[in-house]
Amino acid sequence: MKEPEGATLDVVYRPVWETDKTSVDMFYARPILRDDAGTEILNMTPLIRQPTVDATMQRQVKYLKQTFQALRMRFESGERFRLLVRINSVALATSEAAAEVTDTFRTLTKEERAHIVPEILEFPKSLSLNTLDDITIPLMAFFDTWVAQPEKQQADFTPFSNLNYAGVSLDLFDKSLDLKLAAKIIKLFTQRASHRRLPTWILGLATPELAKLARISNVNILSGAYMNMDAMRPGPIIQGDVPFMV
């Protein structure tokens, strides 16, 4: 599906639930596109690879600036939470592009950086440890934790384990999948992760039934449209036994 002309990048926020906790202190900064009327354009993934590395980097930087500003504004009002942000590996593919992205990281204070969890996506199809090293090193100087969203053909998660990734993620894109199909997808994903003792994150869970399936499969961290409406800003922090905790 081709991106419509005039579409604008925006960011909305949704809770991320860590199943070993009874409160929520993390939010996923979900990038979206809006049309001229301000309506979200569905079934579009704004942070996918653009025609050039430079174009991918420019969109990446625009997204990061929006998310960092949202974090900063909430911090200034006294709130503290973590923010899961997406980073396309293509935006780090050249030294020039990586420099632009890391310059954006430098706008964060040390405390703000400690509350950012990058999720890296769109890895090269042939992912060697050296290639992954080049992608990951720019993050290590700024963040304590990072997560990988492996490509579908990536059967061996060893490189992520070797570079101390805090987990691997799977995005189901808020689609109401058949439960049998979803069970197969989630089982394969969790098996690959468990071989390398990597925590599992599943985003884009559309329904409570899918979320329950993820819980039964011992997924560690969940998020998706089933939880509640996306918000224009992260917060407030949700406490206690709330309906989405399946």
Cα gyration tensor category, rounded, prolate or oblate, for the stretch 90-246 with a/c compared to 1.5: oblate
Could you give the size of the charge dipole of the chain about its Cα centre, using +1 on the Cβ of each K and R and -1 on the Cβ of each D and E, expressed in debye and rounded to the nearest 20? 580
Reach of LYS152 by Cα under 12 Å, taken over aspartates and glutamates that are not fewer than 8 positions away in the same chain: GLU122, ASP171
A correct Karplus calculation of ³J(HN,Hα) over the stretch 195-210, with 6.51 cos²θ - 1.76 cosθ + 1.60, θ = phi - 60°, whole Hz and x for Gly and Pro, returns 4, 10, 6, 9, x, 10, 10, 10, 10, x, 6, 7, 9, x, 5, 5
Determine the relative contact order of the chain: mean sequence separation of Cα pairs under 8 Å and six or more apart, normalised by residue count, in whole percent. 22
Listed residue pairs exceeding 30 Å between alpha carbons, taken from LYS65/LYS175; LYS2/LYS187; LYS21/LYS62: LYS2/LYS187; LYS21/LYS62
Got a sec? Charge dipole of the chain, +1 on Cβ for Lys and Arg, -1 for Asp and Glu; which of ALA214, THR39, ASN88 is way out at the positive end? ALA214
With +1 on the Cβ of every Lys and Arg and -1 on the Cβ of every Asp and Glu, the dipole magnitude of the stretch 65-201 about its Cα centre, in debye rounded to the nearest 20, is 540
Per-residue HN-Hα couplings for the stretch 19-29, Karplus 6.51 cos²θ - 1.76 cosθ + 1.60 at θ = phi - 60°, whole Hz, x for Gly and Pro? 5, 8, 10, 9, 9, 10, 10, 9, 10, 8, 7
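Since every read-out is calculated from the coordinates, none of them should be taken as a lab result. Note that this is a predicted model, so its numbers are computed, not measured. All Cβ positions, glycine included, derive from the backbone under ideal geometry; neighbour counts span all protein chains shown.
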